[in-house]
There are 2 protein chains.
Amino acid sequence: MATIRQVADIAGVSVATVSRTLQQPERVSPKTRARVTSAIEQTGYKPNLMAVKFRSGKTHSLVVLVPTIANLFFARVINGMQEAAAERGYSLLLGNTQGNPELEAEYVKLVQTSQADGVIQLRAHNPFASMNADAGALLPMVNACEVLESTAFPTVTLDNQRAAKSMTEYLLSLGHTRIGLIKGPNSSPLTQERLRGYQQALASANIPFDDALLFDGDFTLQSGFDAAKKMLTQPDRPTALFCENDETAIGAMQALKQAGLRIPDDVSVAGFDDIAFSGYADPPLTTIAQPAEEFGHTAVSLLVDVLNGKIKKAPRVIMPHELVVRDSTGPAPTTCI
Amino acid sequence: MATIRQVADIAGVSVATVSRTLQQPERVSPKTRARVTSAIEQTGYKPNLMAVKFRSGKTHSLVVLVPTIANLFFARVINGMQEAAAERGYSLLLGNTQGNPELEAEYVKLVQTSQADGVIQLRAHNPFASMNADAGALLPMVNACEVLESTAFPTVTLDNQRAAKSMTEYLLSLGHTRIGLIKGPNSSPLTQERLRGYQQALASANIPFDDALLFDGDFTLQSGFDAAKKMLTQPDRPTALFCENDETAIGAMQALKQAGLRIPDDVSVAGFDDIAFSGYADPPLTTIAQPAEEFGHTAVSLLVDVLNGKIKKAPRVIMPHELVVRDSTGPAPTTCI
DNA sequence: ACTGAAAATGTAACGGATTACATTTTACAA
DNA sequence: TTGTAAAATGTAATCCGTTACATTTTCAGT
């Protein structure tokens with residue numbers, strides 16, 4: 001690969017002139033500029049951006065910490081980040097953490113070792129275990145999607161509590177009074193927020209909270225399937241099932257259908273996220289739509305602002321959500337089965 | 001951030017000693033080593049890896065060109081790459097190309113500008129348009145999943161033709177003679193290979209090929225839905241539908257069910273990829289399973305070998321596939337509807 | 001205590017691009 | 001033609017860690 005020096009030699013100028021031809025062409029006379037340009041073409045010279053980055057101290061790379069990209073909601077968010085990053089001249093370094101704090105720390109180290117400018121966290125598994133207390137405070141990081149109450153970082157999130165509340169209210173409005181909830185992993189703040197929304201809605205409707213209606217899940221299809229199976233073995237089975245994400249809901253529907261139940265006639269099922277598959281589920285899934293790509297855009301935009309020192313206080317951006325009613329929810333059956 | 005020189009000053013040694021303490025501790029006396037280590041801790045010194053990479057000329061980053069990560073098969077492949085890359089000390093730079101050759105070229109440029117060591121392409125959209133002819137031949141690149149016959153790059157792929165053939169044979173063995181095929185994008189070599197396998201199986205069974213049975217798709221849920229709708233308007237409708245990926249199949253099933261058809265009683269549907277959702281579709285989808293994570297592992301492993309000069313000839317690794325029979329396929333109906 | 005080899009440590013060049021500052025060239029006015 | 005400011009170009013320092021080579025220290029053997 002040609003270097004700036006070779007180009008300079010061929011053009012018969014100094015390296016400074018070559019650099020200026022590229023950076024501020026108006027500062028170079030047209031004649032020289034032509035010679036340099038020709039030399040650049042001749043050699044196929046491309047500036048070694050490692051050198052540029054090294055010298056400038058800016059890598060223009062952002063680390064994205066994500067538990068797994070085999071999750072369609074995250075995939076959409078990352079697509080959004082990708083777009084926004086590309087627009088701003090940044091690349092994305094993908095850090096699949098599998099929820100493993102050690103791997104997380106490994107990726108955070110990329111920033112500490114000047115290999116990346118900042119970090120975006122998609123799931124706040126345990127953000128503080130992953131970094132030295134001292135470095136933590138200064139780390140250029142934003143939290144997206146899942147947010148610990150305590151973080152001092154800019155965040156972009158949903159009002160998960162309100163969203164879960166409105167879904168629960170919707171189910172209540174259909175006449176359901178026993179509403180099962182399939183949770184996400186308990187370690188996730190998001191799970192707690194959605195649970196709180198669910199409880200709030202029940203409380204407002206004066207329906208006592210029954211924790212026999214709570215089922216553990218981990219946002220996977222399988223866990224939804226398992227949770228629904230478990231639910232079916234219980235006496236006084238719920239007439240509606242609110243799942244904290246769509247994968248879980250789709251897994252649950254499968255288990256319910258296998259058991260011979262009709263959706264929504266016998267049981268209503270609702271999800272959260274509105275992934276593409278939800279519209280093609282059988283029946284199409286009622287869910288909460290989130291602007292996933294926008295999450296990505298906003299997160300990148302916030303982080304870049306932090307990097308450019310445009311942000312003093314850590315803002316908290318709340319993205320809008322929308323209740324998408326499809327066919328998986330319906331009026332509560334008049335007689336309990 | 002502390003530099004090696006600051007550490008050296010604090011420890012009262014030269015920068016070389018600090019470097020050696022980190023790289024080859026046995027070459028430094030225990031006493032000095034202790035002083036240096038303490039200075040490192042004191043300052044929280046971490047080597048600036050941009051400097052290291054710049055000097056070594058190795059970035060230990062790999063670019064992954066992927067049309068979209070919102071595709072579960074790709075997501076699994078990328079997860080696999082991630083693992084393999086991490087094991088070998090590499091990071092992944094995600095390049096979402098949206099099938100856009102310009103964006104593709106943009107990412108390939110990362111290698112040409114020494115920001116990445118190599119490229120893995122997941123969809124051979126048009127690999128040669130994206131790079132200068134001269135640079136192309138030397139580019140450290142591997143092709144995964146989709147492969148142009150002509151490439152001179154190491155590849156890891158499936159025998160798509162054989163896989164499609166065996167799926168078609170399986171459908172034939174169920175008594176289907178009119179088998180529809182929902183294709184992927186025509187630009188994709190993979191589409192052609194699978195089509196060829198389909199044709200081959202028909203030919204072996206002495207069934208004339210009818211291109212009214214071919215439907216265009218683009219690997220999305222929506223395109224499967226649309227293709228199936230279109231199919232339904234045709235006279236002499238097929239009794240089986242082979243879709244070139246699972247998303248398409250799931251979309252198609254939705255359209256068929258909406259039209260009142262029962263699967264597999266009225267129409268059999270088969271997919272390709274075996275994404276997680278396929279097992280939870282209604283009915284669970286018959287498909288071809290691919291070792292997605294292994295694709296990722298192998299691709300990274302090949303690329304790293306190329307980078308280390310361990311590979312002379314471009315190998316072509318064929319991964320195994322498996323016919324997964326579930327409930328979406330069954331015997332051909334005796335009377336056509 | 002002295003020699004010599006081995007061990008420990010230091011010095012400085014290097015990688016490629018940028019840029020402050022220095023120098024040369026150009027162009028125009030007097 | 002000369003002087004001068006502006007424009008063009010060049011020189012060399014800089015970013016930070018690595019490492020070949022140079023120098024100093026240590027220590028066993030005598």
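Side notes on the structure shown:
- The number of residues in the range A:96-118 being out of contact with any strand residue (DSSP E or B) (no Cβ under 7 Å at 6 or more places or on another chain), charged (D, E, K, R) and farther than 14 Å from B:Tyr90 by Cα comes to 1.
- Test: residue in the range A:63-74 that is within 15 Å of DNA strand C (Cβ to nearest atom), small (Gly, Ala, Ser) and in contact with a helix residue (DSSP H, G or I) (Cβ under 7 Å, 6 or more places away or on another chain): no
- Residues of the range A:44-53 that turn out to be within 12 Å of DNA strand D (Cβ to nearest atom) and farther than 29 Å from A:Gly80 by Cβ, as a count: 2
- Failed condition for A:Ala252, given (1) modelled with pLDDT of 95 or more; (2) not assigned by TED's automatic domain parsing to the domain that holds A:Tyr198: (2)
- Test set (1) in contact with a helix residue (DSSP H, G or I) (Cβ under 9 Å, 6 or more places away or on another chain); (2) closer than 26 Å to A:Asn143 by Cα - A:Ser187 fails condition number: (1)
- Filtered residues of the range B:62-95 (kept if outside any strand (DSSP E or B), facing chain A (nearest Cβ under 9 Å) and of a type in the set (Gly, Ala, Ser)): B:Ala70, B:Ala75, B:Ala86
- The set of residues in the range B:198-213 that are among the acidic types (Asp, Glu) and more than 30 Å from the chain's Cα centre (by Cα) contains only B:Asp210.
- Scan the range A:21-50 for residues that are part of a helix (DSSP H, G or I) and farther than 30 Å from B:Thr68 by Cα and the total you get is 20.
- Which listed residue, of A:Ser38, A:Ser114, A:Ser56, is within 16 Å of DNA strand D (Cβ to nearest atom), modelled with pLDDT under 95 and either more than 10 Å from every other protein chain (Cβ to nearest Cβ) or out of contact with any Phe, Trp or Tyr (no Cβ under 9 Å at 6 or more places or on another chain) (or both): A:Ser56
- Check on A:Leu65, touching a Ser or Thr at 6+ places or on another chain (Cβ under 6 Å) and buried (at least 22 other Cβ atoms within 10 Å of the Cβ): yes
- Within the range B:96-106, tally of residues that are crowded, with 23+ Cβ neighbours inside 10 Å, assigned to a helix (DSSP H, G or I) and at the interface with chain A (Cβ under 8 Å from one of its Cβ atoms): 0
Every residue, every condition in (1) away from DNA strand C (no atom under 11 Å from the Cβ); (2) buried (at least 18 other Cβ atoms within 10 Å of the Cβ), yes or no:
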{"position": "B:Ser19", "(1), (2)": "no, no"}
{"position": "B:Val28", "(1), (2)": "no, yes"}
{"position": "B:Lys31", "(1), (2)": "no, no"}
{"position": "B:Ile40", "(1), (2)": "yes, yes"}
{"position": "B:Thr43", "(1), (2)": "yes, no"}
{"position": "B:Asn48", "(1), (2)": "no, yes"}
{"position": "B:Val52", "(1), (2)": "no, no"}
{"position": "B:Arg55", "(1), (2)": "no, no"}
{"position": "B:Ser61", "(1), (2)": "yes, yes"}
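- Strands (runs of 3 or more DSSP E) completely within the range B:228-337 that count 3 or more residues being surrounded by fewer than 23 Cβ atoms within 10 Å (Cβ to Cβ): B:316-319, B:322-324
- B:Arg178 touching a residue at least 24 places away in the same chain (Cβ under 8 Å), under 28 Å from B:Arg262 (Cβ atoms) and not hydrophobic (A, V, I, L, M, F, W, C): yes
- Unmet criterion (only one of (1) outside any loop (DSSP other than H, G, I, E, B); (2) in contact with a Pro (Cβ under 7 Å, 6 or more places away or on another chain); (3) over 15 Å from B:Thr248 (Cβ atoms)) for B:Leu202: (2)
- Summed over the range A:194-227, the residues that are at pLDDT below 95, on the phi < 0 side of the Ramachandran plot and surrounded by 15 or more Cβ atoms within 10 Å (Cβ to Cβ) give a count of 2.
- Single residue of the range A:2-13 satisfying the filter (within 7 Å of DNA strand C (Cβ to nearest atom) and surrounded by fewer than 16 Cβ atoms within 10 Å (Cβ to Cβ)) that is nearest to B:Gly57 (Cα to Cα): A:Thr3
- Restricting the range B:1-20 to residues that are farther than 20 Å from A:Gln115 by Cβ and outside any helix (DSSP H, G or I), the residue that is farthest from DNA strand D (Cβ to nearest atom): B:Gly12
- Among residues of the range B:93-120 that are under 18 Å from A:Met1 (Cα atoms), those with a Cβ under 8 angstrom from a residue that is basic (Lys, Arg) and within 16 Å of DNA strand C (Cβ to nearest atom), sequence gap 6+ or separate chain, pair up as B:Lys109/A:Lys46; B:Gln112/A:Lys46; B:Thr113/A:Lys46; B:Gln115/A:Lys53; B:Asp117/B:Lys58.
The values are calculated or read from the model by the stated rules, or taken from the named source; none is laboratory data. Predicted, not measured: the structure shown is a model, and the values here were computed from it. Note that we place each Cβ from the backbone using ideal geometry, even for glycine, and neighbour counts take in every protein chain shown.
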